[in-house]
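The values are calculated or read from the model by the stated rules, or taken from the named source; none is laboratory data. Only a predicted model underlies this, so the values are computations on that prediction, with no experimental measurement involved. Note: ideal-geometry Cβ built from the backbone for every residue, glycine included; neighbour counts use all protein chains shown. For the accessible areas, the whole protein counts, side chains as well, though only heavy atoms, and no ligand, DNA or RNA atoms are used. Shrake-Rupley method; radii C 1.70, N 1.55, O 1.52, S 1.80 Å.
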Amino acid sequence: MTKQGSFAFTGAKGGKKPRATARKTPKKKVATKPATKKAGRKKAAQPSTKKAVRKKAAKPRGQTTAQEMAGKQRDISVSEFFAKNRHLLGFDNPSKALLTTVKEGVDNALDACEEAGITPDIRVEIHQKDETRFRIAIEDNGPGIVKSQVPKIFGRLLYGSKFHRLRQSRGQQGIGISAAGMYGLLTTGKPIVITTRTGARKPAHHFELVIDTKTNDPRVKKDLEVEWPAEHGTRVEIELEGAYRGGQHSVEAYIRQISLANPHARIEFLPPNPSKTNGSVLFDRVTEELPPETDEIKPHPYGVELGVLMQMFRDTKSRNVRGCLQADFSRVSGRIADEICTRAKVPSKRRPSEVTRDEAERIHKSIQATKIMAPPTDCIAPIGEDLLESALRQEVEADFYASVTRKPTVYRGNPFLIEVGLAYGGSLSADDSVTAYRFANRVPLQYQQGACAITKAITATDWKAYKMQQPRGAMPVGPMLLMVHIASVWVPFTSESKEAVAHYPEILKEIRLGLQECGRQVARHIRKQRREADEEKKRAYIVKYIPQVAVGLQEILGFADKERDKVVNNLTDVLEKSRKL
Amino acid sequence: MAARKKVTRKKVAPRKKAAPKRTPDAVIQKKVQEVRKKNAKLNALTVDLIKETAKGVHQRINRQGKPDLHFPIRSLKNVSYSQKKGYFEIGRQKKTRTLTVNTVKSFAQTLRMMGLSKEMVESNDFATKRDAYYQSKNWEDARFDEQSESDAVMDDIEAMFSIRGVSREQLRFVPDEHGGAVAGNLVVLDPDRETGEVERIDCTRFGSGAYSIPSTVEHLSFETDAKFILAIETGGVFQRLQSHKFWQSSNCILVSLAGVPTRATRRFIRKLSDECKLPVYAFVDCDPYGISNIYRTLKVGSGNAAHLSQFFCVPQARYLGVTPADIREYDLPTHPLHDVDVKRARDALKNDPFFQAHKPWQKALNDLLKMGVRAEQQALAKWGLNYVIEEYLPRKLANPGQFLP
């Protein structure tokens, strides 16, 4: 699910809530609450919400009293908000909506399988109902979903298991699939259909759900027990208005790329026009091995914001500040907690709930001034150099492959890791700019290439040093495919729609180092290739022109053909000897 | 100068047949035989040199070594000028081309080009650069793809043999360029290539046209009673002097250079001057190009073909005009010097060994730079179309001692 979507949402929420509370509007539901943690960090959606509220109130241009206004002021449901601002979640246009739906489904399926330790087998079907209407089905062999949870997971926005933890996973908030369902409902009126089974001895359940956007609550339309051949797994079907497009932003390109970044997954894809592809397309797995399980980590103090820190003090179970710092953050020992408190001039025995805003600010500053060990990095699971390379080998036919997995590093207290894969030559076109596949936590990023730190790092690298052509400040030109993966417990995206990585200097630097490492390898290959071509040319040269030297001498000196052949032999010997082959 | 005004053409003395003493046939035949003998000797030398070079390569190969060829370096850096000799001379710097994988192609082409040359010497034939390029199309893999490649190889061979005293013409590679035009009191004796029968070409009898210098001139001999040779830069002035029979009134031979003189033109003037003991006067525009390119090349040869200068220059040539001093003296209409002109003049003063050896020239060039103007030959027409014939040239010719070197 889109993290940034959640940013936007929480931003909106955070922006609005204080007012709502101040005016004694009844408080809203709890499920969304923790989101306020990130309040203020991304405010992109906030102005639009505010405006909407304000404008309505201001319209009569007359003498509306505060009391009258109060009558119109009410809570906005998450679902309602996103139904209006669907572009925040990637449903801005029909073709993107279709892609986003597939994406959310597959991301969820992969996350579920991995968490349950099952090698993912995923099937994506797209059936075209008419010109603009499609029925999308995503089926996995995951652990299934417990019956009682199904309506909440699929029928409510911001419901899920992944938000309240810092851990590398594709989805985060649990908006995506239910948003897709909501989009389907909005455009076609058809409910989201879920079939799931949790084990061989359990029955399969079949649900039809709609979301009540007013209350952000699921309405179960149908709830049946059905026969299902698979022992466990989930199938989600959504019907929506969409458009099926080819090219860079196509569903197929997405599946191709996600299988590249998830070499352990087997994905079968049935396009809406199977006649062209002879039925479904299979993207087979390269390995049976699941990526290593990643640990959940606590936030590192360097990355924490003041507001979040204050919230943590309010919510903590510890009885004093020292304990709170030690228990709720990673890499904070008792000694370091003391150091922070001393520097902040806050008694370490102070009850966290009694810490004032000023004190919290001093603690926040003191944290930045204290030397704290970098966060643990074993919470990040790279794809791995070998798998990256085999995935590339399966994806493209090239002469040369290289891959690099960098050591994990930290930006703003968040551990992250960069991987770069590269394929060169072979079937790749030599005259075009290189293709760059961008990934964040194994999810391909298909939009906003220009805004992405990955693109920036590629164009800022001097590829001429690696024997490639490169117009000033642009992507290099040559028969090359680049693949850059950033894995992190928290990938910083530039915008709500989770399509481009933000330009943190630490991240840019790591990407550049990865690219350079691969670049050096490919330069070695190119040089070798050129040397060989040169050698080949010289050999051809010898065969071609030595006889001409002999003929020239024969013409002048008029010797016999036998002598001429002797000259050819001698000269060939001399020249062969002088070259190292 | 104030007295100078437009003048109308004076009546020329009644036309008298220019009749240089006719050389007796026996003398001509003797000359022809001499030339033939000389040529036969040169031909034998040329063939020997080619064979000798090839033999060296052959032996080296059979001894399992890498053969090499030596060429003199052709650039101004490797050029010297001595007033005594009177022409540019190529220095001793050489480049060696060893037969390696990278050079095997041009090495083969060089040898085949030498083979072509030998064949032509033996069959008494010749080829222009373009001819040679097309000839190479029979050479299978050694063929040239562009004429520029064959020209480069030819230049190398030419340079290689020139230091042994053999010219490109002797190698039977002839330039593909127009020779200059000749008119005046001169009979050119041109023996037929096959029969040896001598064609007598009277250069007074071309009417309003002129005799065109052939691309090779070694076999020619001359009869003349003219007093000097006048080499003229522009076709326009040549045309004027020719149609008004200036050669008759001044008893001279007119040669049109048409810009920088070609090798054949230079060689023709040199030969004519040497054999008939005639002084050569150059009449060119007064600008850095006329002085440092046209006149300099005529007199001492060109910088980038210094290996040829000993044959292709006219060290006895003197500079009649137009001089920078003339601009003032004759109050000539002028044009300002362009940047390229200034650059060319400065370059000549700084780098050209010829100008460095002659003080008067340095003074003249500096003068010109100071005035910042240039004047063309035809500027004299300001004083009347035929002013040049009636006033300027006679006046100048009265004092050849004052000509610039």
Charges only on Cβ, +1 for Lys and Arg, -1 for Asp and Glu: so what's the dipole of segment A:382-467 about the Cα centre, in debye to the nearest 20? 520
Note: probe point = Cα of B:Ile201 + 7 Å toward Cβ; backbone nitrogen < 20 Å; residues of segment B:314-341 passing the test are B:314
Taking 24 Å as the cut-off for C-alpha to C-alpha distance, list the pairs among A:Lys544/B:Lys137; B:Lys38/B:Lys299; B:Lys77/B:Lys299; B:Lys37/B:Lys227 that go past it. B:Lys38/B:Lys299; B:Lys37/B:Lys227
The protein assembly as shown - accessible surface per residue (Å², probe 1.4 Å): 46
So which aspartates and glutamates can A:Lys345 reach, going by Cα to Cα under 14 Å and dropping same-chain residues fewer than 8 places off? A:Asp358, A:Glu359, A:Glu361
Given charges at Cβ of Lys, Arg, Asp, Glu: chain B dipole, positive-most of B:Ser82, B:Ala181, B:Ile163: B:Ser82
Counting other Cβ atoms within 10 Å of each Cβ, which trypsin sites (Lys or Arg not before Pro) in segment A:324-408 have at most 13 and sit in a DSSP loop? A:Lys345, A:Lys349, A:Lys371
What is the mean number of Cβ atoms from other protein chains located within 10 Å of the Cβ atom of each residue in peptide B:111-120, rounded to a whole number? 4
DSSP-defined beta bridges in the protein assembly as shown - what % are antiparallel, rounded to 5: 75
Am I reading the A/B interface right? What is its buried accessible area, both sides, 1.4 Å probe, to the nearest 100 Å²? 2500
At 1.4 Å probe size, with the rest of the protein present, what percent of the exposed accessible area of segment B:160-259 is carbon and sulfur atoms? 44
Residue range of chain B that is longest and free of GluC sites (Glu not before Pro) which are both DSSP loop and sparsely packed (at most 10 other C-beta within 10 Å): B:198-405
Select from B:Gly196, B:Gly290, B:Gly91 the residue whose mean-square fluctuation is largest in a Gaussian network model of chain B (Cα-Cα springs shorter than 10 Å). B:Gly196
When the Debye formula is applied to the Cα atoms of segment A:225-273, each taken as the same point scatterer, what base-10 log of I(q)/I(0) results at q = 0.33 Å⁻¹? -1.25
Total formal charge among the other residues, if their Cβ is under 10 angstrom from that of B:Val188, Lys/Arg +1 and Asp/Glu -1: -3
Other protein chain Cβ atoms within 10 Å, averaged over every residue that makes up B:96-109: 5
Please say if chain B is rounded, prolate or oblate, where rounded means a/c under 1.5 for a ≥ b ≥ c the square roots of the C-alpha gyration tensor eigenvalues, and otherwise the choice is prolate for a/b larger than b/c and oblate otherwise? oblate
Straight distance only, please: which aspartates and glutamates reach the Cα of A:Lys371 with their own Cα at less than 13 Å, same-chain residues fewer than 8 apart left out? A:Asp338, A:Glu339
So what's the back-of-envelope 222 nm ellipticity for chain B, counting only DSSP H runs of four-plus at -39500 (n - 2.57) apiece and dividing by all residues, rounded to 500? -12000 deg cm²/dmol
Reduced to Cα centres, the span from segment A:216-293 to segment B:33-47 in Å works out to 93
What share of the DSSP beta bridges in segment A:431-559 is antiparallel, in percent to the nearest 5? 50
Between A:Lys528 and A:Val226, 0.36 nm times their residue separation minus their Cα-Cα distance comes to what? 102.5 nm
Mind checking the mean number of beta-carbon atoms from other chains within 10 Å of the Cβ atoms in A:562-571? 3
Can you compute the label reach from A:Phe559? Point 7 Å from Cα along the Cβ direction, backbone N cut-off under 19 Å, restricted to segment B:36-72. B:48-69
Percent antiparallel among DSSP beta bridges confined to chain B, rounded to 5, stands at 65
